[in-house]
Amino acid sequence: MNPLLKLFGFALAAVFAGLTLLAAGLIALYLYLAPQLPSSESLRDVHLQVPLRVYTQDARLIGEFGEMRRIPLEFRQVPAPLVHAVLAAEDDRFYQHPGVDYQGLLRAALALVKTGEKRQGGSTITMQVARNYFLSSEKTFLRKLKEILLALRIEREFSKDEILTLYLNKIYCGNRSYGIAAAAQFYYGKGVDQLSVAQMAMIAGLPKAPSRYNPVANLERATERRNYVLDRMHLLGYLDAADYKAALAEPETAQRHALEIEVEAQHVAEMVRAEMVSRYGEDAYTGGYKVYTTLDTRLQPAANQALRAGLLEYDKRHGYRGPERHIELTLLLQPEDWTRILEGSPEVGRVQAALVLKVAAQSVTVFQPALGTLELPWAGLSWARPYIDENHRGPAPKTALEFLKPGDIVRIEPLPGNQADQQWGLSQLPAVEGALVALNPNDGAIIALAGGFDFYQSNFNRVVQAERQPGSSFKPFFYSAALEKGFTPASLVNDAPIVVEGADLGEAWRPENFGGKFIGPMRLREALAQSRNLVSIRVLRTIGIDYAIDYVTRFGFRPERLPKGLSLALGSAVATPMEMVRGFAVFANGGYQVEPYFIKRIDGPDGGTLYRADPVQACLDCDTAASVTPGLEGEVRADIEAELRRTANSAAEPAAVSGGSPAGRAALRVITAENDYLMTSMMRDVIRTGTARRALALGRSDLAGKTGTTNDQRDAWFCGFNAALAATAWIGFDKHLPLGDLETGGHAALPIWMRFMEVALKDRPEQLPEPPPGIVTLRIDPETGALARADNRQAINEVFSSEHPPKSAAEVESLDAGLGAGAPRALEQLF
């Protein structure tokens, strides 16, 4: 045989044997690796890590929680130029290869031979999807082989558009931004459909090395990468010459953009976050849940503004505490230097930090980075009398030179007036704090909540966490108990000094009215309107402390937080603003206990509803509502508490949503309709003639409520309502310091409530309660509270329960005569 033919035969056999061995090796390798690859089912069951997002009831964003910023898109939502930019940057043969670009792998192999180093290379978009979703990022040959095999499997399971969608939603683009939509929002504050071609090219260039090509951290290097992507787009025919040149010439504007919060309600967002973690664990941060709260988009900003205005007004009433700090301006002459200095004093509660540049007698020139140079007029400066303590201020300043100098860092706020010619005045961050909460009394939905001046200054949520004494705002609850015991709005009680001996009080207790004055015998309606402490003590003593505590729990208060002594009459219990507004909601809705709630609906990542609130609702026309039987208070309270626990538990359980009843479930009646009507009537007088007369400025006759002030004015409250809305405002220091001698509920808290209600009730018709069948209106003698004789010209109208009518004038005269001359009148003797 020809030696050449023989040699050729050996070579051919060797090649065949080598190919056979290679094939066998590849088959063996496949059989080894295939079981380690994800199944077809798991490929289809892809879950993106999407942050928790919290919204108002009409889908306005109030918060986002989660490490990864991601906004998933469908392929049809991605503009074609952005697709072209990604293909040009990462894989221009994506729509031609089967998931593995053998040309690219060959280039990577040649690079390995030349450099002797293992470098990532030759990865297609499909291979990157395989790695990012299912594999680690380690650089080993074994992982690379898994990646190739998995990419081929993915190409069989998904269409090209589906694969590209997975990639566009998964890729990391720096600054915790995952996916092109999150990157567009973070770097440009836009949706992907609003980006220019140059901006699309910048984003498409990020996945290769997000840190290296980050336009915020390294603009020059990022711009080079952007221009490289534009070059590739032009070369591949995605851009014509004119568009290419225009994109290259476009200046780069990337900067940090936080996700736009549409409604400021961070305290509620945090309440939702905590609730979601308790339900779903850590998956709450990545599961793509959308939570729709009960917040009203119009009223939540009104609550924020009302609370902040009230706290700032209080702070100004007590004087100026001086600049926050001082710097030497001689070394800082440029606006860039001033801006850098003010970075350490961020905006708090819409109050801006500013640097004083010049001080004249009646004006001050300041610099604020977002506003530039401003002149503060004397109208915005003259309030700054020096603070001494909560009850004293220094003299009124005559010039600004008395309290400011160049280099001071101060706070400024807009002055009331024309927005087109906005002027600014001196301000300061308030040391005092407060809370405001409003709910729908008919089902307990929280429609507005402000837990403090600014969440980022203090995330302590005073609506649900501040346990304070409610003072006189607690009186309506045991006045309601007194009506159940036979008192009437006309009952005469003596407002006179009293000495209380008791183990719960230690030594003798001599309570006083605010102001230290006594009026003498007065009707219960007057006593509540004027908030007479000594009348309240006599009423509580008459009905019994144990009975009162048992009765008050009907309003949702926990008995262990109610003191078992006569100090309860002055509001020495402990309650949060949320508990107070829940209690007053009973009066607002006609006598039913509802449970406050703030989550209306929870949607899962697929858009399906996982939970929908089903609250109990006040139902004046329902026959199924439980009624309160006099004399069985403890038994009724136990029933109420059991039902409320059942309600809370059922409302908290995530469940598949069925149609359900549009009317919801009927709430328990906890006070009678007659009792509720009488109490609401008496609390309307708190506004008409009593301690909350300032609220008459709202021009409505359907408002009712109660002021509250605690010892040494450490807490100031106003709790008020009409049939459509119940709201509570509280103001005080977190460290329980005195507010000042004049800072009563009607002076400090009521204006906050009024500001909010003015917005909340605008254009809403008045809703005066209708008297239930058991209510009668009678003429009485205002001095005795008894039925008036026909010839009594001083007689006034009063409302009564038909079960507890007033005594006749003859009965009162007969009782007085029986006591003898000089004795107190009978009704005074009773109370």
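The values are calculated or read from the model by the stated rules, or taken from the named source; none is laboratory data. Note that the structure is predicted; figures quoted are calculated from it, not measured. Neighbour counts are summed over all protein chains in view; Cβ atoms, including those assigned to glycine, are modelled from backbone coordinates with ideal geometry. Heads up: the accessible areas ignore ligands, DNA and RNA and are worked out on the full protein's heavy atoms, side chains in. Shrake-Rupley method; radii C 1.70, N 1.55, O 1.52, S 1.80 Å.
Here are a few things to note about the model shown:
- Separation in nanometres of the label points that stand 7 Å from Cα toward Cβ, at ASP231 and ARG779: 10.2 nm
- Working from label points 7 Å from Cα in the Cα-to-Cβ sense, the SER196 to ARG541 distance is 8.2 nm.
- Rounded accessible area of ASP606 (nearest 10 Å², 1.4 Å probe): 130 Å²
- For the stretch 533-621, the spread of Cα positions along the three principal axes, ordered from largest to smallest, is 61, 31, 19 Å.
- Rolling a 1.4 Å probe over the heavy atoms of the protein chains gives the stretch 143-239 an accessible area of 38 Å² per residue.
- Solvent-accessible surface of the stretch 362-494, taken per residue with a 1.4 Å probe and all protein chains present: 37 Å².
- Burial order of peptide ranges 242-251, 264-273 (average beta-carbon count within 10 Å, highest first): 264-273, 242-251
- Interchain or long-range residues, amide H under 5 Å from GLU433's placed H: GLY732, PHE733, ASP734
- Fully extending the segment from LEU259 to THR330 would add 21.7 nm, taking 0.36 nm per residue of separation and subtracting the current Cα-Cα distance.
- Probe 1.4 Å - accessible area at LEU778, Å² to nearest ten: 50 Å²
- Stretchable slack from ASP243 to GLU275, in nm (0.36 nm times residue separation minus alpha-carbon distance): 6.5 nm
- Those trypsin sites (Lys or Arg not before Pro) in the stretch 499-559 that DSSP places in a loop and that have at most 15 other beta carbons within 10 Å: LYS517
- Centre-to-centre separation between the Cα atoms of the stretch 588-614 and those of the stretch 296-316: 26 Å.
- Residues TYR102 and HIS47, FRET efficiency given R0 of 22 Å [Cβ-Cβ distance, rounded to 0.05]: 0.10
- FRET efficiency for ALA370 and ASP58, using Cβ-Cβ distance with R0 set to 22 Å, rounded to 0.05: 0.15
- Restricting the stretch 358-450 to GluC sites (Glu not before Pro) that sit in a DSSP loop and have at most 12 other Cβ atoms within 10 Å of their own Cβ leaves nothing.
- Each label was represented as a point 7 Å from its Cα along the Cα-to-Cβ direction; for PHE518 and TYR95 these points are 9.5 nm apart.
- For the stretch 490-586, a Kirkwood hydrodynamic radius built from all Cα pairs, placed in the Stokes-Einstein relation at 20 °C and 1.002 mPa s, yields a translational diffusion coefficient of 150 µm²/s.
- Cα pair distances of the stretch 672-720 binned at 5 Å [whole percent]: 5, 21, 26, 21, 15, 9, 3, 0
- Remark on the stretch 322-449: hydrodynamic radius 16.4 angstrom, per the Kirkwood mean of 1/r across alpha carbon pairs.
- Cα centroid separation - the stretch 215-245 against the stretch 68-83, whole Å: 20 Å
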